[in-house]
Amino acid sequence: MHLPDGFINNSLVVSSCVFSVGFVGVSVYKLRKKFLERARKLQLTTPQGEISKSETFHRLSKKGKEKILKMAQLGALVFALQMLNFPIASGTSGHFLGGALLVIVLGPLEAVLTMSLVLIVQALVFADGGVFVLGMNILNMGVIGVFTAYFVYKKFKSIFNAAFLSVLAAAFFCSLELILSGNGGFAVLEGMMKYHFLIGIAEGILTILIIKFLLHEKV
Amino acid sequence: MKKFKIIIVSLILAGLIAPFASSSPDGLEKVAEEQGFIERAASFLTGLIPDYEVSFIGNEYLAVGLAGVIGVLIVFAVVYGLGKYI
């Protein structure tokens, strides 16, 4: 569902950029509070005089370090999985998104940040997804995808439904963006939802398999 | 070692399996073709490894596999590195 540049109108591109920068920025701020701890460097004094003053500084807490490592591992995994296009209908393929996987294992803000970084690397290094529409791709897959999965999972505890609906939600909003940009009408929505229905089913199954059999997460 | 399991699986998926992935257009691209707006797609940045194929390797499978391995390592480094300096 990586939008290339050119499909979406400038006003939508700009607004989604502003939104995504803000959202990711706030996420980083909140995660900093969560991951960092205050530590103190103690004053060293020798008979000849002080060597160093004591000062407080921030460093990653043990939990923070573990979380970052997990985010990096899962980001790499999602990147790899997104490369594995599978056929869903004649002449059409789909690929895993990973929003639900990330949010169920890591939590919402961690998932948003991880997904955003994956999308940024994909756009800048591999030209997968446009550079100007990065904000929009982050909005669709990083925010809408992640939070849909988050709320569905929170409420229903169903990995499949969280993953399936997160794909549908992202596809739905992507369709709206395409339609508002003059790319067509209902047929665009119909086409997108039809293909992403199938992709969503695959995402649901894959997410369960990965969480249970690869990661062995107790969720 | 257990702590490398996820990275190793990622490297295998991206390096060895990805070259055999479907090359059909994905859902969005297919809708763009069907509804006639695929022509609007523009590219402003070719990137180092456009379309997941390393340019200096002739064999398509190896080119994609290497792109995958590089991508996995870059993503890991970026997330981990940013995390350390958060």
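The values are calculated or read from the model by the stated rules, or taken from the named source; none is laboratory data. Nothing here was measured: the structure is a model prediction, and the numbers come from that model. Here the Cβ is made from the backbone with ideal geometry for all residues, glycine too, and neighbour counts use every protein chain on show. Please note that ligands, DNA and RNA were not included when accessible areas were found on the heavy atoms of the full protein model with its side chains. Shrake-Rupley method; radii C 1.70, N 1.55, O 1.52, S 1.80 Å.
Charged side chains reduced to their Cβ positions (Lys and Arg at +1, Asp and Glu at -1) give the protein assembly as shown a dipole of some 2160 debye around its Cα centre. Calculated [222 nm] ellipticity per residue, helices only, for chain B: -15500 deg cm²/dmol; basis is -39500 (n - 2.57) per DSSP H run with n ≥ 4, divided by all residues, nearest 500. Relative to the dominant Cα principal axis of chain A, helix A:10-35 is inclined by about 40°. Which helices count as membrane-span-like in chain B under these terms: full DSSP H, at least 15 Å along the axis by C-alpha, Kyte-Doolittle mean of 0.5 or more? Sorted by number, the helices that extend far enough and score high enough are B:60-84. For region A:187-204, the Karplus equation 6.51 cos²θ - 1.76 cosθ + 1.60, evaluated at θ = phi - 60°, returns couplings of 4, 5, 4, 4, x, 4, 5, 4, 5, 7, 4, 5, 4, x, 5, 4, 4, x Hz by residue, with Gly and Pro reported as x. Straight-line reach from B:K2: which aspartates and glutamates fall under 16 Å, measuring Cα to Cα and dropping same-chain residues less than 8 apart? Hits, sequence-local ones excluded: A:E66, A:E217.
Only DSSP H runs of four or more residues enter the estimate; each adds -39500 (n - 2.57), and after division by the residues of chain A the mean residue ellipticity at 222 nm equals -21000 deg cm²/dmol.
With a 1.4 angstrom probe, the accessible area lost at the B-A interface totals about 4700 Å². Dimensions of the protein assembly as shown along the principal axes, based on C-alpha atoms and rounded to the nearest Å, stand at 81, 42, 41, largest first. By the equivalent-ellipsoid construction on the alpha carbon gyration tensor, region B:17-86 comes out with semi-axes of 27, 19, 12 Å, ordered largest to smallest.
Couplings for region A:76-92, taken from phi via the Karplus curve 6.51 cos²θ - 1.76 cosθ + 1.60 with θ = phi - 60°, read 4, 5, 4, 4, 4, 5, 5, 7, 8, 5, 10, x, 10, 7, 4, x, 9 Hz in order; Gly and Pro are left as x. The region of chain B that goes longest without hitting one of the chymotrypsin sites (Phe, Trp or Tyr not before Pro) in a DSSP loop, each with at most 15 other Cβ atoms within 10 Å, is B:1-43.
With loop membership from DSSP and a limit of 15 other Cβ atoms within 10 Å, the longest segment of chain A without trypsin sites (Lys or Arg not before Pro) is A:54-156.
3J(HN,Hα) along region A:105-121: 7, 9, x, x, 5, 4, 5, 4, 5, 4, 4, 4, 5, 4, 5, 5, 4 Hz, from the Karplus curve 6.51 cos²θ - 1.76 cosθ + 1.60 with θ = phi - 60°, whole Hz, x for Gly and Pro.
Express the carbon and sulfur contribution to the solvent-accessible surface of the protein assembly as shown as a percent, rounded to the nearest whole number, probe 1.4 angstrom. Carbon and sulfur atoms account for 65 percent of the accessible area of the protein assembly as shown. Under 5 Å between amide hydrogens, built in the peptide plane, is the criterion, and for A:G94 it picks out A:F86, A:I88 among residues at least 5 positions away or on other chains. Here region A:132-219 has an Rg and Dmax of 14.1, 45 Å, counting Cα atoms alone. Note on chain B: with a GNM built from Cα contacts shorter than 10 Å, the maximum mean-square fluctuation among B:I49, B:I38, B:I74 falls on B:I38. For the protein assembly as shown, the solvent-accessible area with a 1.4 angstrom probe is 49 square angstrom per residue.
With contacts taken as Cα pairs under 8 Å and at least 6 residues apart, region A:54-165 reaches a relative contact order of 23 percent.
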